[in-house]
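My structure is below; once you've seen it, I'll send some questions.
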Amino acid sequence: MTRAYRRSVSNDEVELFARIYDMVKPDLKTMEAAMRETLAMVLISPQFLYHTESDSATDTHYAMASRLSYFLWASMPDGELLDAAFKDNLHQPELLAKQVRRMVKDEKADTLGDLFAAQWLGFGLLGNRIRLDPIDNPWCTDSLMKSIKMETSLFFQSLIRDNRPLSELLTADYTFLNEELANHYRIEGVKGKQMRRVKVNGVRGGIFGQASILAITSYPHQTSPVKRGTWILTDLLGTPP
């Protein structure tokens, strides 16, 4: 229950599910089956399904763990993070920084690019929006569209993991390409399906030169300086016109 609720559990809460266990056990053949049924009740409770808050001073440590985990991983805290919350380590700056570094290195932090950046910058909406019909856009294959989204996702992940300055969103001299996407950009020397970091020159550096951003800020058959300017002010800078 502590793991499911992402916080400490009161004696009253434990007693409630102990009573549920006693209620279901006579109708089930094994202790394991009764435990499964009780656990199922835990997993449909509001404390598991929603982010709940508590007035308990102890639970503020668990709340910190949940905020960290759902921001960096888009998922619940793991055992090490819950243990750090239990020991009140997350309110000590050096121990908090240690946990953040550990979490960012974990592959679960890929969601910073796949979800966080995709929602913020808008490229998560890519799909049928730029593919009207294969006859209209024969160049836009499913694999190319996947690579286009991966480019921006991997680029944002690298900014976080390598602790790069925020200005590189606009000024970076590198991006992430595979052969198909490199051919789309008319960049030579990239072979294979694997996405990898590639040094680039000119307009392809930074998000303004990435196909995902260019696609979501244009119309199907033409570019739009007004639409792109509005996107910069609204989505990127947070200062809508």
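The values are calculated or read from the model by the stated rules, or taken from the named source; none is laboratory data. On a predicted model such as this, the values are computed, not experimentally measured, just so you know. Cβ coordinates were reconstructed from backbone atoms using ideal geometry, including for glycine residues, and neighbour counts include every protein chain displayed. What goes into the accessible areas is simple: the full protein's heavy atoms, side chains included, and nothing from ligands, DNA or RNA. Shrake-Rupley method; radii C 1.70, N 1.55, O 1.52, S 1.80 Å.
Determine which single condition S8 fails, assuming it passes every other condition in (1) assigned to a loop (DSSP other than H, G, I, E, B); (2) within 32 Å of the chain's Cα centre (by Cα); (3) surrounded by fewer than 15 Cβ atoms within 10 Å (Cβ to Cβ).
Tallying (1) assigned to a loop (DSSP other than H, G, I, E, B); (2) within 32 Å of the chain's Cα centre (by Cα); (3) surrounded by fewer than 15 Cβ atoms within 10 Å (Cβ to Cβ), S8 fails exactly one: (3).
Go through L214, L237 for me and flag whichever is exposed (fewer than 13 other Cβ atoms within 10 Å of the Cβ) and among the aliphatic types (A, V, I, L, M). Working first, answer last.
On the way: L214 fails: exposed (fewer than 13 other Cβ atoms within 10 Å of the Cβ).
Result: L237 is the single residue among L214, L237 that is exposed (fewer than 13 other Cβ atoms within 10 Å of the Cβ) and among the aliphatic types (A, V, I, L, M).
Do we have any residue at all in segment 29-41 that's of a type outside the set (A, V, I, L, M), in contact (Cβ under 8 Å) with a residue 12 or more places away in the chain and either open to solvent by 40 Å² or more (accessible area, probe 1.4 Å) or within 27 Å of F116 (Cα to Cα) (or both)?
Yes: one or more hits.
For every residue, the table says whether it meets (1) in contact with a Pro (Cβ under 6 Å, 6 or more places away or on another chain); (2) modelled with pLDDT of 95 or more; (3) over 14 Å from S153 (Cβ atoms); (4) outside any helix (DSSP H, G or I).
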position: T175; (1), (2), (3), (4): no, yes, no, yes
position: L181; (1), (2), (3), (4): no, yes, no, no
position: K191; (1), (2), (3), (4): no, yes, yes, yes
position: V198; (1), (2), (3), (4): no, yes, yes, yes
position: V203; (1), (2), (3), (4): no, no, yes, no
position: L214; (1), (2), (3), (4): no, no, yes, no
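Looking only at segment 216-241, which residues are among the hydrophobic types (A, V, I, L, M, F, W, C) and either under 15 Å from F156 (Cα atoms) or under 26 Å from the mean Cα position of the chain (by Cα) (or both)?
First pass over segment 216-241, keeping only residues among the hydrophobic types (A, V, I, L, M, F, W, C): 216, 226, 231-233, 236-237.
Answer for segment 216-241, where residues must be among the hydrophobic types (A, V, I, L, M, F, W, C) and either under 15 Å from F156 (Cα atoms) or under 26 Å from the mean Cα position of the chain (by Cα) (or both): I216, W231, I232, L233, L236, L237.
Then there is this: I'd like to know if segment 152-173 contains one or more residues that are surrounded by fewer than 18 Cβ atoms within 10 Å (Cβ to Cβ), free of Cβ contacts under 8 Å to residues at least 12 places away in the same chain and within 18 Å of A215 (Cβ to Cβ).
no
If you don't mind, there's one more thing I want to ask. Is one or more of the residues making up segment 201-209 more than 26 Å from K108 (Cα to Cα) and touching a Leu at 6+ places or on another chain (Cβ under 7 Å)?
yes
Determine whether K227 is in contact with a strand residue (DSSP E or B) (Cβ under 9 Å, 6 or more places away or on another chain) and within 23 Å of G124 (Cβ to Cβ).
On the way: in contact with a strand residue (DSSP E or B) (Cβ under 9 Å, 6 or more places away or on another chain): yes; within 23 Å of G124 (Cβ to Cβ): yes.
Yes, satisfied.
To continue, here is another question. Which of the following residues is basic (K, R) and buried (at least 18 other Cβ atoms within 10 Å of the Cβ): R196, R204? Write out each step before concluding.
Working: R196 fails: buried (at least 18 other Cβ atoms within 10 Å of the Cβ).
From the options R196, R204, the qualifying one is R204.
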